[in-house]
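Just so you know, all these numbers are worked out from the coordinates, no wet-lab data involved. Given the structure is predicted, the values throughout are model-derived calculations rather than measurements. Positions of Cβ are generated from backbone atoms using ideal geometry, with glycine treated the same way; all protein chains shown enter the neighbour counts.
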Amino acid sequence: MKRHDVVRVLKGKSSIKWLIPLFSMLTILSMLSMALPAAAFNSDTLVTVGSPPTPFSQNKQNEPAIAVDANHPNILVAGSNEEIDMEACNAGDPTTCPFTPGVGVSGVYFSFDSGTTWTQPTYTGWTARHCVGAPGFTCTPKVGPIGTLPWYYEHGLVSDGDPAVAFGPRLGANGQFSWGNGSRLYYANLSSNFSAIRSEEAFKGFEAIGVS
């Protein structure tokens, strides 16, 4: 197709009159984008600040979720499948990289400045983060610092991840939920029994949904 044919097609569709205004608009937008300071918005903010850069899989997270408090929009909470407390893949059998039995994976992270900075609290629970020895090294999980949801081990449970987070109204003294009472965080995740012994099970069944 020759150049005059292209022009003819555009004229036939009444589109040629939009070329100059569109070009001008794109030019203005381009100039505005160059004028904005580079630090106006930081889209590359680390949320999992407590997790180490190595080893695998302690540096692994996936399936994130995030919620904003409508009453206090500067407050954000995120959740993920967080493996900070798992044994390193080189611990024990170096040819496998299983989930460490009994170790939770429901991570939680907080921001109080609209997501500019984040904190990843350290709690206490069942952990294998100290199991980072050489191949063949035998290591046993123990009670210690964890970077996931607290109070699961103490109640015979394991936080199994797949989190969902949301802020909702707080329950008042009258038994009614109302935003006037303030807001609270709801954190839901898969949960399993810590012990495989039936008499020690916290609930009947293989998997449950735990809600804060």
Item checked: Pair residue 123, residue 164: separation of 7 Å Cα→Cβ label points (nm) -> 1.9 nm
Notebook entry, point to check: Can you give the alpha-carbon Rg of the stretch 41-101 over 2.2 N^0.38 Å, where N counts its residues?
Noted result: 1.45
Margin query: Compute and list, largest first, the equivalent-ellipsoid semi-axes of the stretch 61-211 from the alpha carbon gyration tensor, each √(5λ) rounded to a whole angstrom.
Written below: 32, 20, 11
Next item on the list: Treating only the Cβ atoms of Lys and Arg (+1) and Asp and Glu (-1) as charged, compute the dipole magnitude of the stretch 61-211 about its Cα centre; round to the nearest 20 debye.
Entry: 360 debye
Notebook entry, point to check: In whole Å, what is the distance between the alpha-carbon centres of the stretch 79-114 and the stretch 135-212?
Noted result: 15 Å
Notebook entry, point to check: Want the number for residue 185 to residue 72: 0.36 nm per residue separation, take away the alpha-carbon distance, what's left?
Noted result: 39.5 nm
Checklist line | Efficiency of FRET between residue 177 and residue 63 - r from beta-carbon atoms, R0 30 angstrom, step 0.05 | finding: 0.60
Notebook entry, point to check: Gain in length, residue 207 to residue 99, computed as 0.36 nm per residue apart minus the alpha-carbon separation, to one decimal in nm?
Noted result: 37.3 nm
Item checked: Highest average packing first - 176-185, 104-113, 80-89, 122-131, Cβ atoms within 10 Å -> 80-89, 104-113, 122-131, 176-185
Next item on the list: For an R0 of 25 angstrom, estimate the FRET efficiency from the Cβ-Cβ distance between residue 112 and residue 154 and round to the nearest 0.05.
Entry: 0.40
Next item on the list: Given the peptides 55-65, 191-201, arrange them by the average over their residues of other C-beta atoms within 10 Å, most packed first.
Entry: 55-65, 191-201
